[in-house]
Amino acid sequence: MLSVPVRLGGGRAYRVEIGAGVLSRLGEVARARLPRGTHKVALISNRRVYGLYGGRALSSLSAADFEVVHWLMGEGERFKTLRTAERALGFLSEAGLERGDAVVALGGGVVGDLAGFAAAVYLRGVALVDTATLGTLPRRELTAGWCEALKQGAVGDLRLFERTRKFLAGTGAARAGGDARERELVGIIAAQCAFKARIVAGDEREDVGREDALSRRILNFGHTVGHALEALTDYRRFRHGEAVGYGMLAAAEISHRLGMLDASELESLCEAVALAGRLPEAADLDAETIRRAVRKDKKAVGGRVRWVLLERLGRARVVEEGEIPARVVHASIRAALGAGRTLPNVSRRDAK
């Protein structure tokens, strides 16, 4: 099991534990991390994940002498709402959790966001990662996750980008398969967490005045168009990471058309997204409608969108929307939506 420290300001810190089989040690690790007087644990999950891993998590927590209660929320981005948060807080209150008790999020994405928000409002939470649970994820969920992983390398760490790409291609350390591939997967996830920890520690609250290559804003690469795609399809067509995959392609196209990103690096990014998996059909969506929807992005500052573009793989640049001609945005979105249909056939470098 690998452990990634996350150090924040004011002496605050926590650790992310990563490994195969760590879920069976959930109670042991939680008992070691939580205050001695912690008695009750509220577990928040969704029906799909709980059906697969809820029994194992509850057994482990109970064996560590925690009293465990659980609550299941809806699955998907459309349940990331204040109404769901209100229901979660109601559950915590009805369960009688005290300030010294804890919340455990069993699941990723929306489950983690929602449970973390509820814990922050009501008390505090604990987070763990078990790579063995990836074995039961549907292919689309894995594609979504790998798109987000590629995003991180693309904006700030070329070595991480290449390591992730090689794993997806089955080359390098991932070629051996078996235990060696599992160890490489754990290592990549740990490296991904460490990268994000460095960014978050340096810009914990995403200072709106920062636009440098180490600001937390760079993590929004692909999200400008991604958020628009999700909203326009009522959060039903795309997994979040799939929408980000299209968003990365669009942002990279813009970068190339502005003369920032070399054609070979644009192709490398396209190849990497191809290796992550097939994206849902998007060519039927109107590029101009998406461009206009981008103006409503939740990351806008002062009513203006700030695009995260690429100077090169591993180096991001924040660019004001006024510096990008509307025709370039339109053409780039249209190119990205069409590319999604052929992405799985793009990867030529690894086929040689």
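The values are calculated or read from the model by the stated rules, or taken from the named source; none is laboratory data. Keep in mind that this is a model prediction, so the values were computed, not measured. Every residue, glycine as well, gets a Cβ built from its backbone with ideal geometry; the counts of neighbours run over all protein chains shown.
Of Leu285, Leu261, which residue is at pLDDT 95 or above, surrounded by fewer than 20 Cβ atoms within 10 Å (Cβ to Cβ) and aliphatic (A, V, I, L, M)?
So the residue among Leu285, Leu261 that is at pLDDT 95 or above, surrounded by fewer than 20 Cβ atoms within 10 Å (Cβ to Cβ) and aliphatic (A, V, I, L, M) is Leu285.
Tell me the residue from Gly100, Gly76 that is loosely packed, with under 15 Cβ neighbours inside 10 Å and more than 15 Å from the chain's Cα centre (by Cα), please.
Criteria check complete, one pass: Gly100.
Only one of these is part of a strand (DSSP E or B), buried (at least 20 other Cβ atoms within 10 Å of the Cβ) and modelled with pLDDT of 95 or more: Leu275, Leu309. Name it.
Leu309
Would you check which residues across the range 14-56 are closer than 26 Å to Arg87 by Cα and either small (Gly, Ala, Ser) or in the same structural domain as Leu185 (by TED's automatic domain parsing) (or both) and list them?
Gly27, Ala30, Ala42, Ser45, Gly51, Gly54, Gly55
Consider the range 22-41. How many of its residues are in contact (Cβ under 8 Å) with a residue 12 or more places away in the chain and either in contact with a His (Cβ under 8 Å, 6 or more places away or on another chain) or under 26 Å from Arg198 (Cα atoms) (or both)?
So the answer is 7.
Looking at Arg239, is it closer than 30 Å to Arg15 by Cβ and charged (D, E, K, R)?
yes
What do you reckon, is Asp234 acidic (Asp, Glu) and on the phi < 0 side of the Ramachandran plot?
Criteria not met by Asp234.
I want to confirm something. Restricting to the range 318-339 and keeping residues that are touching a strand residue (DSSP E or B) at 6+ places or on another chain (Cβ under 9 Å) and assigned to a helix (DSSP H, G or I), which single residue is surrounded by the fewest Cβ atoms within 10 Å (Cβ to Cβ)?
The qualifying residue surrounded by the fewest Cβ atoms within 10 Å (Cβ to Cβ) is Gly322.
Restricting to the range 251-272, what's the tally of residues that are part of a loop (DSSP other than H, G, I, E, B) and either outside the structural domain of Val225 (by TED's automatic domain parsing) or farther than 23 Å from Arg159 by Cβ (or both)?
Matching residues across the range 251-272 total 2.
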